[in-house]
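**Student:** Supplied in structure tokens, the structure appears directly below.
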Amino acid sequence: MNKEQARQIIQAAKQEGRKTLSEYEAKQVLAAYDIPVTREILVDERPALADALGKIGYPLVMKGCAAEIAHKTEKNLVRVDVRSEAEAGTAFDEIKAGMNGSGGGVLVQEMISGRRELVMGLTRDPQFGACVMFGLGGIFTEVLKDISFRKAPFDRQDALEMMNDIKGRKILDAVRGMPAADTDALAAMLINIGRLSLDIDDIAEIDLNPVILSGAKPVAVDALIVLK
Amino acid sequence: MTPSTAYPPPTDFDRIFHPKRLVIVGVSKEGLGFGAGIFASLRLIGFEEEIFLVNPKGGELNGETIYRSVADIPGIIDFAIIAVAARAVPEVLDACREKGAAGAEIFSSGFKELATEEGIALEQALVKVAAKGIRVIGPNCFGIYCPKSGLTVLPGPDLSRESGPVAFSSQSGGMVVDFTNAGKSMGLKFSKVVSFGNGCDLRETELLDYFRDDPDTGMVAMYIEGVHDGDAFFKALKRTAAEKPVIVNKGGLSVAGSRAVQSHTASMGGSREIWQSILRQAKAIQVGDMAEMAQTCLAFSLLPRRAYHNITVLGGGGALGVAAADMAETYGVQIPAFAKALADRIDEHLPRPGSSPGNPVDVANPFVPPKTLKEIMRLAATDERIDLQIFTSLIHHYKNMAMMMGKTVKEVTPYLELADDIKEVAAETGKPIIVILSNPKNGLDHLDVVDMFADARQAFIERGIPVFSDLRDALRAIGHVNKYYERKSS
């Protein structure tokens, strides 16, 4: 765990007067708390692209990345399943153009394949303080609202019960040829989101959506951190 | 002055719940205001300790001296009931403090609940007096009910004096009056009940800790609208639920708050979701309304402390059969089919036609004599898987028999025999038996049936047999009991 690194990223954003972290920054903060995130490289300029492609490997995902940009998908700033340098070059140019010079770069990211999407997050309840959320992710998050919360801090047992609270908990079992989810890894993620929220008071909200189960292993594929 | 004295001093709950010298401030000689009303209630319920009355006009009420001020009362007082105009309350409270009172309940309204500048200022004045060394229950409340001491809420002259395991705290006074009355008719017995209204001083969180250590309290029921300090409440709840069942009805659960938020997480974390999770995390039991609260408390009160996974359901009525099995499963309870040999033995006792010996056991005929029912329950209990039995009674049918025989319904209904038999079978088998008493005949032309049901209910309750009005209610309450003891043992 590297609290100092997380703190520095948030301090820098605050000094710029920002209320949100970019996806790249958010994931660095999460990674500093041992929360598994996608391998990714932020590419500012076209010449650096080839090197990033080589390091991440195909197939990969490319996303416009700046703190001001929310709803990347709706703004057509996401390309998935990019499989060649040519495709990547075109994607880079289109994304950059779509960002209307709002600064920031293009995130070159490993593509996590897995059919099970979860959501995790943090809210600060006016009454109970930092509460961590767990639930079904992706498009199901808002439709089914199959979620549960725990007040931070909490232990592994609480985290396991929290996962067991949702109606769709069976999705964590071995289903349709997919292995049972690594619930210890999931529990550790939830506990660490709680720790992060207690350590860094400047964080107001967190979304990890989706967290994809790649085989048994959870990985945060997209992340949002909102500051106070 | 001894500088080492802890400040504020620890609350003397014993003098609050069991006062030897009680003062009622604000009794009027005319009419039945709050002050005179609580005085009458305390006498009627049989509160036997000293009561001093105060009103600036002096005089007498029912032969009792009315003192002109709290200061005029000889000696110290333990507890005060204050029912004077809001503006006069802070001064009266301070006078009670100076007289040595450990606490005071304030019925008067006209404080923070008005949301006026004056009301808020008056409540702040109360908080200041309280901090000087007197605990305040209220204002704007109906006070304390403690069957052991005879303290009662307003209006509560007819509440039970029998003490029992249920402690209850509530912001709402109406909720307290309804719950204690409903409890009395169901056989729920209370240790201490506190309606704390605005809750300017002593309220749910401290009461939780007190109830946790109170040897008279076996479980804590709470009606909560909001809490002052979420952290402190959560910790007290967790501590208490680790030792005793804590059953919570959270009122005013709104959908997601209207705070401006950016993340999915914050937009989905409305008070309903957060409260539900907080209660689960603390291992408290959440119920949806006060009826479920009472039923759950009844199950915790009367069932031995363990989980009940496999049950029998026997008797008659529409809820038997597939419906019962489905319902049971919803609450994590099974109604396992009997082995053929046992079903055959039960079948020998059943009337024909229409009965069915499996599990549930449908006796079909409502006039099967208690002796036969007793044998069937005995046999059913021999199935080793069975932890508990539910008997669904059909005694309302005896009205028809009474009419045909030209007798009263009470004469022909064998509920006393049934109650004795059920008690006997439960004791000898070690498997509790719950009775479902549901009366569809309750119109004006069936007041005799209503009356008989009240007697029957009483007969079961007196024998320690839990009575529910509905099979679903009973199963849901068993579900809560199961969850609590399973979590405790895990």
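The values are calculated or read from the model by the stated rules, or taken from the named source; none is laboratory data. Predicted model only: the values in this text are computed from it and were never measured. We place every Cβ from the backbone using ideal geometry, glycine too, and count neighbours over all the protein chains shown.
**Student:** Of all residues in region A:97-148 being away from every other protein chain (no Cβ under 14 Å), of a type outside the set (A, V, I, L, M, F, W, C) and assigned to a loop (DSSP other than H, G, I, E, B), which is surrounded by the most Cβ atoms within 10 Å (Cβ to Cβ)?
**Tutor:** Residue satisfying both the conditions and the ranking: A:GLY104.
**Student:** Does at least one position in region B:99-107 carry a residue that is under 22 Å from B:PRO9 (Cβ atoms) and over 31 Å from the mean Cα position of the chain (by Cα)?
**Tutor:** yes
**Student:** Right, another one. For the subset of region A:149-168 comprising residues that are in a helix (DSSP H, G or I) and surrounded by fewer than 14 Cβ atoms within 10 Å (Cβ to Cβ), which member is farthest from the other protein chains (Cβ to nearest Cβ)?
**Tutor:** Applying the filter and picking the extreme gives A:ARG156.
**Student:** I'd like the full set of residues that are in contact (Cβ under 8 Å) with a residue 60 or more places away in the chain and in a loop (DSSP other than H, G, I, E, B), limited to region A:2-44.
**Tutor:** A:ARG18, A:LYS19, A:LEU21, A:SER22, A:TYR33, A:ASP34, A:ILE35, A:PRO36, A:THR38, A:ARG39, A:ASP44
**Student:** Would you say B:ASP445 is within 30 Å of the chain's Cα centre (by Cα) and either farther than 18 Å from B:PHE338 by Cα or part of a helix (DSSP H, G or I) (or both)?
**Tutor:** Judged against the criteria, B:ASP445 is not a match.
**Student:** Across region A:169-181, which residue is farthest from the other protein chains (Cβ to nearest Cβ) among those that are touching a helix residue (DSSP H, G or I) at 6+ places or on another chain (Cβ under 9 Å) and under 25 Å from B:SER489 (Cα atoms)?
**Tutor:** A:LEU172
**Student:** Filtering region A:198-228 down to residues that are under 16 Å from A:PRO126 (Cα atoms) and of a type outside the set (A, V, I, L, M), which residue is nearest to the other protein chains (Cβ to nearest Cβ)?
**Tutor:** Among those that are under 16 Å from A:PRO126 (Cα atoms) and of a type outside the set (A, V, I, L, M), it is A:GLU205.
**Student:** Out of A:THR20, A:THR38, report the one residue that is at pLDDT below 95 and under 15 Å from the mean Cα position of the chain (by Cα).
**Tutor:** After ruling out the rest, the residue left standing is A:THR20.
**Student:** So the check is Cβ under 7 Å with 6+ separation or different chains; which pairs have a first residue in region B:227-238 that's more than 8 Å from every other protein chain (Cβ to nearest Cβ) and a second one that's among the aliphatic types (A, V, I, L, M)?
**Tutor:** Final answer for the pair search is B:PHE233/B:VAL227; B:ALA236/B:LEU208; B:LEU237/B:LEU208; B:LEU237/B:VAL246; B:LEU237/B:ALA282; B:LEU237/B:ALA284; B:LYS238/B:ALA282.
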